[in-house]
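Notes follow once the structure below has been shown.
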Amino acid sequence: MKRITPKSQKTLKCVHVFFSELWLVGIVTLALMNLFLHPKDATALYGADLAKRFVDDFIIIPGAVGCFLTALGFSLYTKWGWLKYRWITAKWVINLFGIITGTWWLRPWTQHLPEISKRLGIAALQDPVYQHELFWLTLLGTVQAATIILAAMIGIWKPWRPKPVRGQEARHDQDQDFDHHELEQHDHEVHSVAQPVPQAVWHI
C-alpha cells in the first residue's frame, strides 16, 4: 500500500484529533447528563431526553465515524499499520467496542427515550421500559466514556513500545555523534567560504 506524504499525514492527524475529541466530548457529556440530570416535571424530562438525542446525533456519531475513518487511513497509508504496535491494537479494540455498543445499544435507547417521555410525561420515570433503557444507557455510556478517555491517554503516551537493544542504542549514539561532527565540519567550510577575499595590493 502506497504511503501518504508527511504533509498529508499531518493533515490526517489533525482531522483524526478533531473527530476523536468530538467523540470524547459527546460521550462524556451524555454520561454526565445521565448521571447528574434529574428532571422534576414532564417538560424538563422530555427536554433532557431530546438533548441526549441531539448529543448522540450531532456530536457522538459524527465523532465516532470520523475517528474510525481517519484511524483506518492511518493503518492503511502510514507506517503505523494494524498490529505492529500494541498501543495501536488497544486503540482499535476500544474504537470498535465504542462503535459496536453505540450502534446496537446506546443509539436505540437514546432515540427511544424521548418517545416514551413525550407520551407518558413525568410518569415515564415509573415505566419499566424507560427505567430499563435509562439504567443501561447510563451504565454503558459511562463505561464507553471511560474507554474513550483511556484511548486518548494511550494515544498520548504510546505505551508498550519495544525498547531498543543495547547495540542499537550505541549505534544510534554513534550516528548522532557522526552527524554532529559532519554538521560542525560543514559549518566550518561555509564560514571559510564566506570570509571576504582580501584585495591584492599592487606596488608600482
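Solvent exposure of the range 83-162, expressed per residue, is 60 Å² of accessible area, with all protein chains present and a 1.4 angstrom probe.
Neighbours of Lys91, meaning other residues whose beta-carbon lies under 13 angstrom from its beta-carbon, give a summed charge of +3 when Lys and Arg score +1 and Asp and Glu score -1.
Run the paramagnetic zone check for Thr138: 7 angstrom along Cα to Cβ, then residues of the range 116-132 with backbone nitrogen under 15 Å. Once the point is set 7 Å along Cα→Cβ of Thr138, 124-132 turn out to lie under 15 Å by backbone N, inside the range 116-132.
Once you've got the Cα coordinates, tell me which of Lys13/Lys52; Lys7/Lys52; Lys2/Lys158 are over 26 Å apart. From Lys13/Lys52; Lys7/Lys52; Lys2/Lys158, over 26 Å: Lys13/Lys52; Lys7/Lys52.
With both labels modelled 7 Å from their Cα along Cα-to-Cβ, the Lys10 to Val65 distance reads 3.0 nm.
With a cut-off of 14 Å between beta carbons, the residues surrounding Ile156 carry a summed charge of +3, where Lys and Arg count +1 and Asp and Glu -1.
Of the solvent-accessible surface of the range 67-122, computed with a 1.4 Å probe and all protein chains present, 69% belongs to carbon and sulfur.
The values are calculated or read from the model by the stated rules, or taken from the named source; none is laboratory data. This is a predicted model, so every value here is computed, not measured. Note: ideal-geometry Cβ built from the backbone for every residue, glycine included; neighbour counts use all protein chains shown. For the accessible areas, the whole protein counts, side chains as well, though only heavy atoms, and no ligand, DNA or RNA atoms are used. Shrake-Rupley method; radii C 1.70, N 1.55, O 1.52, S 1.80 Å.
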